[in-house]
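Input: a single structure, listed below in structure tokens.
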Amino acid sequence: MYEDKCVVIGVTGGIAVYKALDVISALRKKGVKTKVIMTESATKFVTPLTFQSISQNMVITDMFAEPKAWKIQHISLAQEADIMLIAPATANVIGKVANGIADDMLTTTIMATKAKVIFSPAMNTNMYENPIVQENIEKLKRFGYEFIEPDSGRLACGDIGKGKLPKPEVIVDEVLKNLYPKKDLVGKKVLVTAGPTKAPIDPVRYITNRSTGKMGYAIATEARDRGAEVTLVSGADFLECPKGIELINVQTNSEMREEVLKHYKNSDIVIKSAAVADYKPKNYSKEKIKKTGDDLKLELERDNDILLELGKLKKNQILVGFAAESNSLLENANKKLKNKNLDFIVANDITSKETGFGSDNNKVFIISKNGKVDELDTMSKRDVARSIFDNILE
Ligand code: CTP
């Protein structure tokens, strides 16, 4: 998918230099071609040879070295880049570019490229918060340069505050989002639900299910990368939400219903991958239930069927449901498709060991209301998400 893409990575001199190696390695695993330019001070932290081995390409450090190719290097790299990523970006490189200084290979290439340039700053908190650095960042943003916010935490110098290079996966996610070849959801609002809901019994106990939310998060990320404005209503507690997605955390069926109804009217596509509890304890105990010598009977009552309600309220939205089944997969899924007035249903067999709950893979059928059945092979949840949108947009 990214085989024809090239990212030129500018590495500048800070203690976070070593993290850039993980970023490059992850991009290479996705098939992205990576070319590295190091500033002289970056080479004091990690040798160019290490970057050369990881990127599988010559690393450029010196603007006046013997040319390796006929083309003028800073111009050819500037042209070849689909994205330029500066990670870690020091106060120095930000300041130079903001003020039009191009005195080495990296700054000349940044100046010469027409590709999007993303800076991922990392430096001491006081430096980062220095108004001069902040003004330089603001100026560059005005000119269309992008920035990945640094993380807060304990810095290499011992200070605590903002200035840490984000985790490599965050940087990679930002780069891949920009490189994503399909941009067919620009201008669309997509609402996704994910994860389980919880039905509380007392202040310490609840009933829930085995959904992890991975499928819903993959759908939300796919929609974001294709250019949509995405709202994710999630009952999943442990997943990190990718940047650029509006995340609304919920616990119960009612909370999920309320948030979904709030966003439903303005949504173009609604995908309900959440595993919503159908029953809740009839009597919630405000106090912790104490054990006695007897058995305990828990009476359950029906809770809202959110998707059924959405089907009834449907106007122009494309409504997609999921069917998690342990038997008669297609028959049950087709029934839900009709009963809930859906446009598509994604049916998966939850008895399969290598797919389903908690797994990174899934094996599904995508059934449309027109009767088309798309049987997908076992594939990553992200690939399933891609197929869902391909089916919707077809
Ligand atoms: N769903 C929902 N509200 C519920 C139950 C399910 O919105 N109370 C949605 C799910 O998000 C999913 C679809 O309905 O998109 C199907 O969920 P599933 O649990 O497979 O089906 P149910 O309708 O609950 O039917 P059953 O329990 O009989 O399988």
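The values are calculated or read from the model by the stated rules, or taken from the named source; none is laboratory data. Quick caveat, the model's predicted, so the values are computed rather than measured. Positions of Cβ are backbone-derived with ideal geometry, glycine not excepted, and every protein chain shown enters the neighbour counts. These accessible areas exclude ligands, DNA and RNA; they are computed on the full protein's heavy atoms, side chains included. Shrake-Rupley method; radii C 1.70, N 1.55, O 1.52, S 1.80 Å.
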Tell me the Kirkwood hydrodynamic radius of the stretch 106-168 in angstroms, computed as one over the mean inverse distance between distinct C-alpha pairs.
12.7
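To check you understand DSSP bridge types, tell me what percent of the beta bridges within the chain (both residues inside) are antiparallel, rounded to 5.
Values: 19 of 63 bridges.
Once the DSSP bridges in the chain are tallied, antiparallel ones form about 30 percent.
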Looking at the stretch 174-281, which trypsin sites (Lys or Arg not before Pro) are DSSP coil and have at most 16 other C-beta atoms within 10 Å of their C-beta?
LYS182, LYS183, ARG205, ARG210, LYS243, LYS265
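What ranking of PHE389, PHE357 comes out by heavy-atom accessible area, probe 1.4 Å, highest first? Intermediate values should be presented prior to the final figure.
Working: PHE389 0, PHE357 80 Å².
Output order, biggest surface exposure first: PHE357, PHE389.
With a 1.4 Å probe and all protein chains left in place, how much of the accessible area of the chain comes from carbon and sulfur atoms, in whole percent? Mind showing how you got there, number by number?
Details: 10050 of 20090 Å².
Here carbon and sulfur together make up 50 percent of the probe-accessible area.
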Write out the trypsin sites (Lys or Arg not before Pro) in the stretch 327-362 meeting two conditions: DSSP loop, and at most 16 other Cβ atoms within 10 Å of their Cβ.
LYS353
Can you work out the base-10 log of I(q)/I(0) for the chain at q = 0.07, 0.11, 0.14 1/Å, using the Debye formula on its C-alpha atoms alone?
-0.43, -0.88, -1.14
Sequence gap at least 6, Cα distance under 8 Å: using those rules, report the relative contact order of the stretch 189-393 to the nearest whole percent.
20
Under-5 Å amide H pairs with ILE248, H placed in peptide plane, nonlocal only
LEU232, VAL233, SER234
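How high is the relative contact order of the chain, given as a whole-number percent (alpha carbon pairs under 8 Å, six or more residues apart)?
On the way: 811 pairs, mean separation 42.0, N = 394.
Result for the chain is 11 percent.
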Rounded to whole Hz and in sequence order, give me ³J(HN,Hα) for the stretch 109-123 from the Karplus expression 6.51 cos²θ - 1.76 cosθ + 1.60, θ = phi - 60°, writing x for Gly and Pro.
5, 4, 5, 8, 7, 9, 6, 5, 10, 10, 9, 10, x, 8, 6
Out of the chymotrypsin sites (Phe, Trp or Tyr not before Pro) in the stretch 213-317, which ones are loop residues according to DSSP with at most 13 other C-beta atoms within 10 Å?
PHE238, TYR284
Please list, ordered by chain and number, the residues whose modelled amide H lies under 5 Å from the amide H of THR212; skip anything fewer than 5 residues away on the same chain.
GLY358
So if each residue of separation counts as 0.36 nm, and I subtract the Cα-Cα distance between ILE75 and LEU261, what length gain in nm does that give?
61.7 nm
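For the stretch 216-375, report the accessible area per residue in Å² (1.4 Å probe, heavy atoms, rounded to an integer).
Values: 8870 Å² over 160 residues.
Per-residue accessible area for the stretch 216-375 comes out at 55 Å².
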Work out from phi, with θ = phi - 60° and the Karplus expression 6.51 cos²θ - 1.76 cosθ + 1.60, the ³J(HN,Hα) of each residue of the stretch 154-168, listed in order in whole Hz, and give x for Gly and Pro.
7, 8, 4, 7, x, 5, 10, x, 7, x, 7, 5, x, 4, x
